[in-house]
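Data first, discussion second: the structure below is written as structure tokens.
The values are calculated or read from the model by the stated rules, or taken from the named source; none is laboratory data. Not measured: the values here are computed from a predicted model. Cβ placement follows ideal geometry from the backbone for every residue including glycine, while neighbour counts extend to all protein chains displayed.
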Amino acid sequence: MTVAAAAPDTGRAAAVLASTAAADRRRTQAERAVLWAGTAAFGVAILLFWQFGLGHLVNPRYVSDPATIAARLVELAAEGEILRHVGVTIGEAALGFVIGSTLGLASAFALAQTRRGYAVFEPFLVGFYSIPKIALAPLFILWFGLGTAPKIIMAALLVYFVVFVNTATGIREVQPGLLQVCRVLGASRRDLLLKVTLPSAAPAIVASVRITVTRAIEGALLSEFVASTQGLGYLVARASREFDIATVFAGIVIIAAVVMAANGLLRLLQARLAPWHGGRIHG
Amino acid sequence: MTAREPTPGGMAVLDATRREHRAARTAQRRFLLAARLGIVVVALVGWELASGTLIRSFYVSSPSAIAETLVEWITSGELFYHGAFTVTAAFLGYVLGSVAAVLIAWPLAMLRTAYRIAEPYFLVAYSIPAVAMGPVFILWFGIGMTPKVLIAAYFVFFIVFINTVAGFQQVPSGLLDVTRVMGASRRAQLRTVLLPSALPFVLAALRITLPAAMIGAVTGEFISSNRGLGYLTRAAAASYSTAGVLAGVLCLSVIVLLMNLLLRPLGHALRWRPDVDVGHGAEVR
């Protein structure tokens, strides 16, 4: 039964439908406009208060103001020095991220091949997992000096455990029924791994890899805070020691931009690789 | 169909199977214990022997040197002095961060439009690595206890905030509609529907954030301080004492492990909501 056959005055029905749809669209548009205006107004209010109000409440030396910070950002960009720092930090984080996630994946798959092996090593992994990794930063500096190596290792370490734990969990949560059926149907170990285990663990793996990007950047930053001669963490730490609050905030703005850009990139990638997954992970 | 009494022969078989089963399980447990102990012993002995012979002990120290440092710290009271500072800062930060998060998230989650207006700003603030805020807090509040408490609170705040909002937003709207039709007041709705359904999310966040608070406090101490386990570790590194650094790491790990154990009952309390899984921002750094 079609609408046309049931309703003799098709024209009127269509008009009503169209006007409802238009009203609906207008309402969502209005709602979106309110939200947009509200969001913009909120942001502007914060900036205005920071620029003109905050300095009267607390010593402006402590909070700087948006105009000064923006000027400082432009200045840093013009000097070109900032590009070097950003490049160093991104390089360290990216290398650490690649190393950490590769090792995490590899060791989780290796260990998951033997149930006994996993059972034996589990308490050690829990123990290592609960080491506050930042406490190792001074040790890495003792071992590897002030260069980029300790930063890469710290970033890799922060990434490693998250990827490892999530991959191992993903592998162990594969439905045993699926594995049994496939084995009965004559699948080899390789088939099982490639066609059952990997696809069903993929969402957890992809999601964990995604959240670890931020951690890689944090690892690099933290090591740079502890001791370094270049990088965004160095920039912020030095400015903080010199009581140059505008530069500190400028650095934080850049850091936030880098993190958001990396997150956005990875989210796009995740949508491509595991579109069916919302992204629920164990930290 | 009535259960038949098993024949004496059947009983014997049953008993034998059970015994076999139990024996297998004990054997398995013994194997695990032996394997784990073996690994620990081999690692410790290997470390002790290799240090100073294969590798310079400056780099890897040795188990005995670490134990010595620990004993020294304990007898001189340093461990307690610094440990108490760090744990206090972490705990205060934990309480401050989670209370502030719940108090801000709760009203915001009830006002949908207000939340959607504020959301982008929270997301931006959330994407600033908490570590990066460390120097700012140190600048503002000096090198005492306050900045450590605040950094710990900052580490905790966003995780609890995001989960509280999520908790309030996932309340099934059907339940709200039904209770409203049945004449529930706003307060009754809050008490009987909203809070019980959001609570698991808040609890789940509270369970994972105590270690995060600890890490926040240590981060603060790393950046600048004159007290606390983070300071102790860093001071050891500054004087090139690898044993001291490793002893500090060991102490911190044990504290974090204990905190996780302490909060485990919270996880059991959440058994009835297995779908609550706080992944986002569960940052045990």
Can you tell me which residue within the stretch A:123-136, out of those that are closer than 20 Å to A:V163 by Cβ and among the hydrophobic types (A, V, I, L, M, F, W, C), is farthest from the other protein chains (Cβ to nearest Cβ)? A:L125
Taking B:V87 as the residue in question, decide whether it is aliphatic (A, V, I, L, M), within 14 Å of chain A (Cβ to nearest Cβ), crowded, with 20+ Cβ neighbours inside 10 Å and under 21 Å from the mean Cα position of the chain (by Cα). no
Among the helices (runs of 4 or more DSSP H) contained in the stretch A:32-102, which hold 2 or more residues that are of a type in the set (A, V, I, L, M) and at pLDDT below 90? A:54-57, A:66-79
So B:I208, is it out of contact with any Gly (no Cβ under 9 Å at 6 or more places or on another chain), of a type in the set (A, V, I, L, M, F, W, C) and surrounded by 24 or more Cβ atoms within 10 Å (Cβ to Cβ): no
Residue selected from the stretch B:107-124 under the condition surrounded by 14 or more Cβ atoms within 10 Å (Cβ to Cβ) and of a type in the set (V, I, T), by the criterion farthest from the other protein chains (Cβ to nearest Cβ): B:V124
Checking A:W143 against (1) within 14 Å of chain B (Cβ to nearest Cβ); (2) in contact (Cβ under 8 Å) with a residue 24 or more places away in the chain; (3) not in a loop (DSSP other than H, G, I, E, B): exactly one of these is not met. Which one? (2)
Does the stretch A:136-148 hold any residues that are touching a Phe, Trp or Tyr at 6+ places or on another chain (Cβ under 8 Å) and closer than 20 Å to A:A94 by Cα, and which are they? A:A137
Here are some conditions: (1) at pLDDT below 85; (2) more than 23 Å from the chain's Cα centre (by Cα); (3) of a type in the set (V, I, T). B:V131 meets all but one. Which one does it not meet? (2)
